[in-house]
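**Q** Shown below is the structure under consideration.
The values are calculated or read from the model by the stated rules, or taken from the named source; none is laboratory data. Bear in mind the structure is a predicted one, so any value in this text is a computation, not a measurement. FYI the Cβ positions are ideal-geometry reconstructions off the backbone, even for glycines, and counts take in every protein chain you see.
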């Protein structure tokens, strides 16, 4: 089978870009990518895959495939838009990877983008996020997206004795990393006490346990092994790609203290890559809520079930720890423009493995992983990368 | 490269399904498919690709990949949702085809679905359709989706002398075919005079030049050559798949009397399939407006530029004509539940080539084609099929 690698990666700053449109952000990510990868011209791009969750609901614009192709200067390339809620960017990456593996394309552009702050009513953002969950069976009862994650948090507390300081340590670590990341939305550190003491959103999750609404875009250039050396001498290979689903509604899950889809997607990716979890030294994890990173590092086998909280509090996931998680700042502090996030994770790992991030955030790893969740765990996508 | 074929196909009736939800329609398409293809069990499905345009805007539900996997009884298979406006179903087919070509999957389920009639305000439907066009540069000027197609119609009239009777002949033919199709939304014939005399929507397009708002779902089972004979002895192979883009806004097109993306996607598909346009004896064409079928049969080389209208009026695209177009009734009379349409087109061609449609609609063809348009021609996807 065709081997697929990343030849270049670029992301915009994640922020509240009040003065900029989705088009503008997506175009910056494409132009920025072409500036980084000087040995490629737009006419080489036969296919562009766009990850986006909810531009229809958020800005009244669908059909982002040709929109990004058009405003990226890539016409008449084919444009594909894929969606899997908060995992839309990871799904775009995986779809680009499979399009190249098909043998029909040697080069694919993957763009993730979301423009959330054109919606200024927080109730609208809450409703859009909730549309990743089961509309008929959950939303109509009044359960919000944060409320769903609060239920999972309580289940983990109950099962394993995890507490608020454990989950707060996730946010504190991710904010500490973001201080050094020029692309991050929140370059400000918080202590564990500050996270624990923040205003309540959905008990036990406080404001600093929750990722923000963000605007941003990210892009990677995927190539087959046949052509990648024309563009770069130091590609990062995608050695494993896993994807699994679970029910949309929480009521139908096996349990709420673990995400089955993450376990299955991780298993697929590890088997393809031929690695065990302890080979992973750097990982960009889905931390839309602080609890999600705890679930992820347990479900991916970095730590035993129930040990994710204590390990985080002990610093084992800090930069240079047993496994560095979210050196970018994660969804919490880098920001979470839904469809852009999964692509930005790949950009971060690409730059980590090439030693191109700020020195304070450098994890010195040879093998990396990205983990993306859609909804409350209904979609999980895991990729493994190697220099 | 891996050869990909269709092993089974099923569609719900297209209609205003007031009593049924998107979930319900999607589940019927999956269950119906498994009843048709008795030699396959759900555990063989590793991947499901869902085509849908606007469930977020229409019913407040995103994340249809795992939703369809879940309610189709296919957990924990991966679920992918793709979108390209009115070509979303065709994009789902093409993505499933490429996922199998990648070698990672031998079986893929492709589902198209849309639930439009939960929105009862026609202004909301108009706004959703328009979100396939350029929101910033066209919609804010007040240009509607039907208005955009009216501009293209006038350009074709001006360039080639096409007239209202020519385009009306498309609707009259498609309605005549739908009379015999049990799955069609409108099983009623109209004369050309009736079409020409219908109430005006956007000059020169009248009510009977426009496809309706519809609910429905369709599904096909795609397999690699390695496993397809376990399921059926009479597969239909996808021998060509083309996909191209054009600008979202009409102002940036080369001209308005032809769709460049169709020409490019058709060229790709013909070259892959190793056929010329005159080999195609049956085609499901995108006729969201009557003019679109005229543009399509010219851009795909069935007729010379400007000859599409006269050829249609002369009956050359009727069943048994030079090339039978829209034996199903087309978007106009079969119905147009946006994301379902492209998959339903594949179901029709699958059944046409296997001689499984109602005898009155049988085109007796060996090679077939489907043509799908997103927006005003910003996306074009073309597939070629052979027994």
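**Q** Which residues, taken from the stretch B:338-360, are part of a loop (DSSP other than H, G, I, E, B) and in contact with a helix residue (DSSP H, G or I) (Cβ under 6 Å, 6 or more places away or on another chain)?
**A** Once the filter is applied, which keeps residues that are part of a loop (DSSP other than H, G, I, E, B) and in contact with a helix residue (DSSP H, G or I) (Cβ under 6 Å, 6 or more places away or on another chain), the stretch B:338-360 yields only B:357.
**Q** Name every residue in the stretch A:361-387 that is part of a loop (DSSP other than H, G, I, E, B) and at negative phi, in order of residue number. Talk me through it step by step, then tell me what you get.
**A** We begin by selecting, within the stretch A:361-387, every residue part of a loop (DSSP other than H, G, I, E, B); these are A:362-366, A:375-378, A:387.
Within the stretch A:361-387, A:362, A:363, A:365, A:366, A:376, A:378, A:387 qualify.
**Q** So, in the stretch B:250-276, of the ones that are over 30 Å from residue B:3 (Cβ atoms) and more than 8 Å from every other protein chain (Cβ to nearest Cβ), which residue ends up nearest to the chain's Cα centre (by Cα)?
**A** B:258
**Q** If you check residue A:209 against the conditions, is it without any contact (Cβ under 8 Å) to a residue 60 or more places away in the chain, away from chain B (no Cβ under 14 Å) and under 30 Å from residue A:186 (Cβ atoms)? Explain how you work it out, then say what you get.
**A** Details: without any contact (Cβ under 8 Å) to a residue 60 or more places away in the chain: no; away from chain B (no Cβ under 14 Å): yes; under 30 Å from residue A:186 (Cβ atoms): yes.
It is false that residue A:209 is without any contact (Cβ under 8 Å) to a residue 60 or more places away in the chain, away from chain B (no Cβ under 14 Å) and under 30 Å from residue A:186 (Cβ atoms).
**Q** Check the stretch A:156-166 and report whether any residue there is within 29 Å of residue A:52 (Cβ to Cβ) and in contact with a strand residue (DSSP E or B) (Cβ under 9 Å, 6 or more places away or on another chain).
**A** From the stretch A:156-166, those within 29 Å of residue A:52 (Cβ to Cβ) are none; that's our starting set.
No, the stretch A:156-166 contains no residue that is within 29 Å of residue A:52 (Cβ to Cβ) and in contact with a strand residue (DSSP E or B) (Cβ under 9 Å, 6 or more places away or on another chain).
**Q** Related question: Do you know which residues across the stretch A:96-112 are part of a helix (DSSP H, G or I) and within 7 Å of another protein chain (Cβ to nearest Cβ)? Let's see the steps before the verdict.
**A** Here is the first cut: in the stretch A:96-112, the residues part of a helix (DSSP H, G or I) are A:96-101.
Result: A:98, A:99, A:101.
**Q** Could you count how many residues in the stretch B:296-324 are part of a loop (DSSP other than H, G, I, E, B), crowded, with 23+ Cβ neighbours inside 10 Å and touching a residue at least 40 places away in the same chain (Cβ under 8 Å)? Walk me through how you get there before you give the answer.
**A** First, pick out the residues of the stretch B:296-324 that are part of a loop (DSSP other than H, G, I, E, B): B:300-307, B:314-323.
Of the ones still in play, those that are also crowded, with 23+ Cβ neighbours inside 10 Å are B:300, B:302, B:317, B:323.
Those still in the list that are touching a residue at least 40 places away in the same chain (Cβ under 8 Å) too: B:300, B:317, B:323.
Looking only at that region, the number is 3.
**Q** Got a sec? Which of A:224, A:245 is in contact with a strand residue (DSSP E or B) (Cβ under 6 Å, 6 or more places away or on another chain), touching a residue at least 60 places away in the same chain (Cβ under 8 Å) and within 14 Å of chain B (Cβ to nearest Cβ)? I'd like the intermediate steps shown before the answer.
**A** Details: A:224 fails: in contact with a strand residue (DSSP E or B) (Cβ under 6 Å, 6 or more places away or on another chain).
So the residue among A:224, A:245 that is in contact with a strand residue (DSSP E or B) (Cβ under 6 Å, 6 or more places away or on another chain), touching a residue at least 60 places away in the same chain (Cβ under 8 Å) and within 14 Å of chain B (Cβ to nearest Cβ) is A:245.
**Q** When the stretch A:205-237 is examined, which residues are found to be crowded, with 17+ Cβ neighbours inside 10 Å, more than 18 Å from residue A:107 (Cβ to Cβ) and more than 18 Å from the chain's Cα centre (by Cα)?
**A** Of everything in the stretch A:205-237, those that are crowded, with 17+ Cβ neighbours inside 10 Å, more than 18 Å from residue A:107 (Cβ to Cβ) and more than 18 Å from the chain's Cα centre (by Cα) turn out to be A:205, A:206, A:208.
**Q** Something else now. Test residue A:184 against the stated conditions and say whether it is in contact (Cβ under 8 Å) with a residue 60 or more places away in the chain and under 20 Å from residue A:210 (Cα atoms). If you could, list the steps in order and put the result at the bottom.
**A** Numbers: in contact (Cβ under 8 Å) with a residue 60 or more places away in the chain: yes; under 20 Å from residue A:210 (Cα atoms): yes.
Against the criterion (in contact (Cβ under 8 Å) with a residue 60 or more places away in the chain and under 20 Å from residue A:210 (Cα atoms)), residue A:184 qualifies.
**Q** Restricting the stretch B:115-136 to residues that are in a loop (DSSP other than H, G, I, E, B) and at pLDDT 90 or above, which is surrounded by the fewest Cβ atoms within 10 Å (Cβ to Cβ)? Don't jump to the end; show me each part of the working.
**A** Our first condition is that a residue be in a loop (DSSP other than H, G, I, E, B); within the stretch B:115-136, this holds for B:116-121, B:131-136.
Going one step further and asking which of them are at pLDDT 90 or above, we end up with B:116-118, B:131-134.
Working: B:116: 28, B:117: 18, B:118: 15, B:131: 23, B:132: 32, B:133: 25, B:134: 29.
This residue is B:118.
**Q** Filter the stretch B:18-44 down to the residues that are within 11 Å of another protein chain (Cβ to nearest Cβ) and either part of a helix (DSSP H, G or I) or within 18 Å of residue B:232 (Cβ to Cβ) (or both) and list them by number.
**A** At the first step, the residues of the stretch B:18-44 found to be within 11 Å of another protein chain (Cβ to nearest Cβ) are B:21-24.
Within the stretch B:18-44, B:22, B:23, B:24 meet the criteria.
**Q** I need the full set of residues from the stretch A:1-17 which are assigned to a loop (DSSP other than H, G, I, E, B) and surrounded by fewer than 24 Cβ atoms within 10 Å (Cβ to Cβ), in order please.
**A** Filtering the stretch A:1-17 down to residues assigned to a loop (DSSP other than H, G, I, E, B) leaves A:1-3, A:12-14, A:16-17.
If the condition is that a residue be assigned to a loop (DSSP other than H, G, I, E, B) and surrounded by fewer than 24 Cβ atoms within 10 Å (Cβ to Cβ), then A:1, A:2, A:3, A:13, A:16, A:17 are the ones that fit.
**Q** Which count do you get for residues in the stretch A:49-86 that are in a strand (DSSP E or B), under 18 Å from residue B:249 (Cβ atoms) and more than 8 Å from every other protein chain (Cβ to nearest Cβ)? Don't jump to the end; show me each part of the working.
**A** The first filter runs over the stretch A:49-86 and keeps only residues in a strand (DSSP E or B), leaving A:49-51, A:78-84, A:86.
Pick out the ones that are also under 18 Å from residue B:249 (Cβ atoms) and you get A:50, A:79, A:81.
Filter once more, keeping what is more than 8 Å from every other protein chain (Cβ to nearest Cβ): A:50.
So the answer is 1.
**Q** Among the residues of the stretch A:144-181, how many are within 14 Å of chain B (Cβ to nearest Cβ) and either surrounded by fewer than 19 Cβ atoms within 10 Å (Cβ to Cβ) or more than 15 Å from residue A:210 (Cα to Cα) (or both)? So that I can check it myself, show each step before the final result.
**A** The initial filter retains those residues of the stretch A:144-181 that are within 14 Å of chain B (Cβ to nearest Cβ), namely A:144-145, A:148.
Applying the additional criterion that residues be either surrounded by fewer than 19 Cβ atoms within 10 Å (Cβ to Cβ) or more than 15 Å from residue A:210 (Cα to Cα) (or both) yields A:144.
Qualifying residue count, the stretch A:144-181: 1.
**Q** Got a sec? Which of A:93, A:129 is more than 8 Å from chain B (Cβ to nearest Cβ) and more than 22 Å from residue B:48 (Cα to Cα)?
**A** On the way: A:93 fails: more than 22 Å from residue B:48 (Cα to Cα).
Of A:93, A:129, the one residue that is more than 8 Å from chain B (Cβ to nearest Cβ) and more than 22 Å from residue B:48 (Cα to Cα) is A:129.
**Q** I need the full set of residues from the stretch B:264-285 which are closer than 28 Å to residue A:72 by Cα and free of Cβ contacts under 8 Å to residues at least 60 places away in the same chain, in order please.
**A** First, the residues of the stretch B:264-285 that are closer than 28 Å to residue A:72 by Cα: B:264-272.
Matches in the stretch B:264-285: B:267, B:271.
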